[in-house]
Amino acid sequence: MTLDSNQQVFVNEATELLQELEESLLELENTPDSAELIARVFRAMHTIKGSGAMFGFDNIAALVHSIETAYDMVRSNVICVTKPMLDYSLKACDIIREMLSDPEMRADSPVAVEISEFFTRAANIQKQQVQTEKQPYKTADGVLRTYRITFRPSHNIMMNGTNPSLLLKELAEMGSATVVAHTADVPELNEIQPEGCYLSWDIILTTDKPENDIRDVFIFVEDDAEITIQPVAETFDDREKKLGEILLERGCLTQEQLGEVLNEKKRLGELMVEKGIVSEGAVEAALMEQVHVKNVNEKKTLSAEVTASSIRVPSERLDSLVDLVGELVTVQARLSQVASRKNDQDMLKVAEEVERLVWELRDNTMSIRMLEIGSTFNRFKRLVRDLSAELGKEIELVTFGGETEIDKTVIEKLGDPLVHLIRNSIDHGIEKPEDRIAAGKPAKGHISLQASHSGDSVLIEITDDGRGINRKAVLEKAKAKGLVSENAELSDRDIYDLIFASGFSTAASVSSVSGRGVGMDVVRRNIEALRGTIEINSAEGTGTTIVLKLPLTLAIIDGLLVTIGGQFFILPLSIVNECIEFNRSENRSGSGRRIIMVRNELVPYVPLRGFFDIRGEEPEIQQIVIISVDGRRVGFVVDSVVGDHQTVIKSLGKAFKDIDCISGASVLGDGSVALIIDIMKIYNDIG
Amino acid sequence: MEEKVTGGTDISQVLTFKLADEVYGVDIMSVREVLDFSSVTKVPHTPDFMVGVINLRGNVVPVVDLKKKFRLGDTERTVNTCIIIVEVVIDNESTVLGALADSVQEVVEFEHETIEDAPRIGTHLNTDFIAGMAKKDNGFVIILDVNAVFSMTEIGACTGAAAETAAG
């Protein structure tokens, strides 16, 4: 069966839905009674089944049907989510995925039948328990409601060990809360009893939890405090017009006149306080409520808009758009150059305008290609869950900064290296529960994945709280393999570098997970191919942190434009430290050693002219561009430094695929071609 | 060999150009355009016959000096020096390349019957590069097989070897 275009669309959508489903299932494992999650799982299942049947994927529809029935019962609180149920659901995700890639696969394969049977059984058992298992109170419909809560503790509430601030914190965790404290009852300082409570609070809480849950928070202080909880009506869509607006509409009043009158008029709150009807605190609380409700409503409309305005575009179209914008940037640079040469005021003005627009266009286009890294992170939750179970370890993966945006191509190529690194953490890093307890650590290991922006780079940190890297073992192994000499003294950094050597592994035995020693060198190569760097920090016994530094985008780099022998070259600016003048005659050393002193630090250097075999006489005064990689500094001698240059990277094509010291080319404003030097490659070759 | 020269049913159109004193031709179907010689950026660690790269409307295109490649001496840059942009298939992928020529002459039509196989001896060239020979006026036109001339083994092998010698 070949797929027609409609079926292809279904496959794409279903793949996305499965991803979402898997995320929800994993989350559900931690919070099994979240009505919202269950609803999400059910919706995804339902859509997959419905559209599957419509496009001829009957096998999928048949499989999902039984699962959907079970989750429908969960949704209506007839049954509860259980661990085996989640296990089977995740298994089902895998099978559906297989079915998507191979539509011929039948729904009666042994695993599929096992899954179907499990869910049918689950649904049947619980049908009989319908009456007993029903949970009486729980709105559980996932709808957000706003409540007005007043909490007036008695004066001596703190005597019995209650801390009101903890209660407020608990409320704040239930949803979005605005808290107003009333301080009117606080006496003069000399009359204060330190253990007395003089405050009372108004809390405006928007939450999907039912009112009873809120009441539960105050369950132990009910007798010691005055507590009221009232639902708040949220929307006032068809509010009546104000007097001023009507007068304005009828033309009896101009906008200015209205403004004048309104300025004279005191605000309602102030008037009330003046007249002593209500206290200042009460007015403040009411105003806060107004703001809170407004914010919540805004958030609601905002999320509604976002879902309505996203569209699906094939990535090739985006790529060609980026290419076009790249060319536009080049032409624009030429225009600016021509304009400044002609020195024509009108033309300069236009050129400037074009420049501004082009840069804006460029930023916008690039941002379209940016994706949140969170979707990649979520993939690993499943990996960690399955692998840790397989290896008999308890591991929790926590992720931060999932909203960090990074170029689509970078994300695509980042997946494999990250899988490697996380597998390493699980296998080598985190110890077995009994070893952990013996080492005085909690039985459950933690791996954290964190993404953050840093300048024009993205940092990704993978941290585990495992046993760390045994530097001695690494060094011994390296000596045994002949990677370093027997009596070499290496710094910590050098030792960590050995881990990236090809064929290196400290694992005593080869497991299915790792230990074959073909991981870390591939990881490093992949990261460097993305113009990124990788760094390891480790403390024996307490854990390891691996930091990946990656460029935001691959299509454009910030470069330093230099010349050698009249030809332009570009160095990636991100690793350039400084440029210093280099006087050839002063630095001629008899021994041929190429090292210079920079502020009392010895820096080795590479004359690029010689390295590239560029003919011609060297100028008397050259420039050394000093870069720093992994904390080490190396200089590269060039004829002159032109300046910084933001540039669109073009591939040199297949004809030059074996050239490894040049990573690409860029077209300059005057139409000539500048080559982008692969500094990392040269650095690794000579280092 | 004739089937490599395509174009009409039994007529091939060939763009002729000069390298040193000899007239060469390439099938017009693989020619994209002809450019005046402009500045070329040399790529380090490449063999001599790889002249470098040029900017072709925003794309970076490699240029090969056919004379150096065929060991016919250096190309002197004159007003007639041209770059012929050809589209070739390398490893089943279509790629755009430039070839340096002393001068571009004209487009000539040959009937298929008049194109002969390359003689085994008597040319400076590896006969693999030649699609055929055709008579024109009092001389011959050597019709090149561009895919063979620019094949990856011809360019790639040399660049790799040159890079090694340069690095070593």
Practice item. Evaluate the distance, in nm, between pseudo-label points positioned 7 Å from the Cα of A:Leu483 and of B:Ile28 along their respective Cα→Cβ axes. Key: 6.2 nm
**Study point:** Linear extension gain, A:Thr254 paired with A:Lys681, 0.36 nm per residue minus alpha-carbon span
**Key:** 146.5 nm
Check your understanding: What ³J(HN,Hα) values, in whole Hz, does the Karplus curve 6.51 cos²θ - 1.76 cosθ + 1.60 give for the stretch A:209-216 when θ = phi - 60°, with x put for Gly and Pro?
Key -> 7, x, 4, 4, 5, 5, 4, 4
Practice item. Enter the mean number of other protein chain beta carbons within 10 Å of the beta carbon of each residue in A:646-657, as an integer. Key: 6
**Study point:** Label point distance in nm, A:Glu353-A:Asp216, each placed 7 Å from Cα along Cα→Cβ
**Key:** 6.4 nm
Exercise for review: Please work out, to two decimal places, the log10 of the ratio I(q)/I(0) at q = 0.10, 0.14, 0.16 Å⁻¹ from a Debye calculation in which every Cα of the stretch A:373-551 carries one identical scatterer.
Suggested key: -0.38, -0.76, -0.99
Exercise for review: Enumerate by residue number the GluC sites (Glu not before Pro) in the stretch A:395-441 meeting two conditions: DSSP loop (anything except H, G, I, E, B), and at most 13 other Cβ atoms within 10 Å of the site's Cβ.
Suggested key: A:Glu403
Revision key, fill the gap. For the stretch A:349-360, Karplus-derived ³J(HN,Hα) couplings (6.51, -1.76, 1.60; θ = phi - 60°; whole Hz; x for glycine and proline) come out as 5, 5, 4, 5, 4, 4, 4, 4, 5, 5, 5, 5
Study note, to complete from the structure: FRET efficiency for A:Gln337 and A:Asp558 from the Cβ-Cβ distance with R0 = 22 Å, rounded to 0.05, comes out at 0.70
Check your understanding: Can you flag which of B:Lys69/B:Lys135; A:Lys408/A:Lys477; A:Lys408/A:Lys481 are past 32 Å Cα-Cα?
Key -> A:Lys408/A:Lys477; A:Lys408/A:Lys481
Check your understanding: Rg to Rh for the stretch A:5-133: what is it, with Cα atoms only and Rh by Kirkwood?
Key -> 0.96
**Study point:** the stretch B:1-97: GluC sites (Glu not before Pro) in DSSP coil with no more than 11 other Cβ atoms inside 10 Å
**Key:** B:Glu76
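Read the figures in this text as sums done on the coordinates, not as results from a lab. Here the structure is a predicted model, which means the values were calculated and not measured. Please note: Cβ atoms are built from the backbone with ideal geometry, for glycine as well, and neighbour counts cover all protein chains shown.
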